[in-house]
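The values are calculated or read from the model by the stated rules, or taken from the named source; none is laboratory data. Since we're looking at a predicted model, the values are computed, not measured. Cβ placement follows ideal geometry from the backbone for every residue including glycine, while neighbour counts extend to all protein chains displayed.
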Amino acid sequence: MAIRFPRLSPAGVRVASAGAAAVVVATAGVGVAHAHKTVTVSIDGATRQVMTWRATPSEILTEAGIDVDPHDRVRAPRRVGDGQRIDVATGHSAVVRGASGPQLRWVAEPDLVTAAAKLETAQESRLPLSHTSALTERAIGSARQLDVVHDGATEHVALTDGATPQRLLADLGVELGPLDRLSLEATSDTPVLRVERVSRQTHSEDKVTRHTTREVEDGSLPKGTRKVETEGKDGVIRATSFVETVDGEVVFHRDGTETPVQEMVEEVVRVGTKAAPETSTTTAGGGAAASPVPAAPQGSAPSSGVWAALAQCESGGNPSAVSANGMYHGLYQFSVSTWRAMGGSGLPSQASAAEQTQRAQALQARAGWGQWPACARSLGLY
């Protein structure tokens, strides 16, 4: 039984050939109508002998259980006699480019060169061969030579009888990817088997919009200090595009829609405006004079600069400060383990302010401002 091939009806493809029955080409000769006879039936080159009383090609093929498709081509006398033959060429679909767009054509020729030569396309005489279809197993034809064009090179090949595109590419070691195209051109004496490498890729690119920063005055914070109230975030939009190339040449490009990935968040920083308190005392002569704040046993915190601001943020400038949970001590709220790692002894809150500042500066030089994450960030140190 002949193999039936599925119909190809892709969207946007116009059926350029149609017919309610297989194409029957009558040849010369008239057989005996109702005598018992032996008939040779050839299907795509494979033959078998059929014993029959029938006379017409359709009767003989039906009796033999051979299913002929409307797009197959049958060559036989109108009435078949003893010793005569019926040739059946299976039809295969091919999508070709025409003036009005893609068109569906049916190929029912004994070889591919003949099929390509009979295609009447408006733009080119090229027979598309899907490398997953049975067309690649069909004989190329009677040509003696063939040019195989692939990967930027042209190979001249001598053809043998029955050579097929599938076998020829395998002998040359040419592999086809799932998107690659294969076609046969028969416009000259030397047919051309052409391989086109097709690539389809999606590209994504992130477009970043830097966040803005807004400063807000805060009278509850000491003057000169900064505190981040809302952390800023950069806005990110992802743009996606689709590109198709054939042999490295871009044949189609489409920009996709832009998708928000991260909304921009404005950073809000509170800037301290609170002035330091003023103190006074009475001198022996009865006049008013500045009276220093009693010094802690360990000495005083730095009076100005970055370290003064950091000490003010961490401990309120108190060298003897201890956190409520007892874990952090002194001007810079050292943990005991970090203090000792920096060469200190005892508790940080029992050391002098100068020693505490010295060891804090050494810690910053070694590990950075991240040792005081909240205060260093609010002061804009990192």
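I'm checking my understanding of the structure. Among residues of the range 87-125 that are in a strand (DSSP E or B) and modelled with pLDDT of 80 or more, which one is surrounded by the fewest Cβ atoms within 10 Å (Cβ to Cβ)? The selected residue is D87. For the range 218-233, filtering for residues that are outside any strand (DSSP E or B), farther than 15 Å from V271 by Cβ and among the charged types (D, E, K, R) leaves 1.
Out of the range 320-364, which residues are assigned to a loop (DSSP other than H, G, I, E, B) and closer than 18 Å to W307 by Cα?
From the range 320-364, those assigned to a loop (DSSP other than H, G, I, E, B) are 320-321, 323-327, 330-333, 342-347, 351-352; that's our starting set.
Listed by number, the residues that qualify are S320, A321, G330, L331, Y332, Q333, M342, A351, S352.
Look at D147 and say whether it is of a type in the set (D, E), in a loop (DSSP other than H, G, I, E, B) and under 30 Å from P128 (Cβ atoms). It is false that D147 is of a type in the set (D, E), in a loop (DSSP other than H, G, I, E, B) and under 30 Å from P128 (Cβ atoms). When each of V265, V269 is tested for being at pLDDT 90 or above and either over 28 Å from Q364 (Cα atoms) or touching a His at 6+ places or on another chain (Cβ under 9 Å) (or both), the lone residue that passes is V265. Considering only the range 215-229, I want to know if a residue exists there that is closer than 23 Å to Q262 by Cβ, among the polar types (S, T, N, Q) and outside the structural domain of G305 (by TED's automatic domain parsing). No: the range 215-229 contains no residue that is closer than 23 Å to Q262 by Cβ, among the polar types (S, T, N, Q) and outside the structural domain of G305 (by TED's automatic domain parsing). Listed by first and then second residue, the pairs with beta-carbon distance under 6 Å, at least 6 apart or on different chains, first residue in the range 61-80 and outside any loop (DSSP other than H, G, I, E, B), second among the hydroxyl-bearing types (S, T, Y), are E63/T52. When V246, V236 are screened for being at pLDDT 85 or above, closer than 30 Å to V268 by Cα and hydrophobic (A, V, I, L, M, F, W, C), only V236 passes.
Taking only the range 180-196 into account, find how many residues are outside any strand (DSSP E or B) and modelled with pLDDT under 90. Break it down into steps so the answer makes sense when it comes.
Pass one, the range 180-196, residues outside any strand (DSSP E or B): 180, 186-191.
When the remaining residues are screened for being modelled with pLDDT under 90, the result is 186-191.
The total comes to 6.
Filtered by the rule that a residue be farther than 15 Å from T190 by Cα, buried (at least 17 other Cβ atoms within 10 Å of the Cβ) and modelled with pLDDT of 90 or more, the range 130-167 gives a lone residue, H150.
Of all residues in the range 70-86, those that are buried (at least 19 other Cβ atoms within 10 Å of the Cβ) and at pLDDT below 90 total 3. Filtered by the rule that a residue be assigned to a loop (DSSP other than H, G, I, E, B) and modelled with pLDDT under 90, the range 39-54 gives D44, G45.
Looking only at the range 226-275, filter to residues that are free of Cβ contacts under 8 Å to residues at least 40 places away in the same chain and basic (K, R); which one of those is farthest from D180 (Cα to Cα)? Among them, the one singled out is K233.
The condition of being closer than 30 Å to V149 by Cβ, surrounded by 11 or more Cβ atoms within 10 Å (Cβ to Cβ) and in contact with an Asp or Glu (Cβ under 9 Å, 6 or more places away or on another chain) holds for H253.
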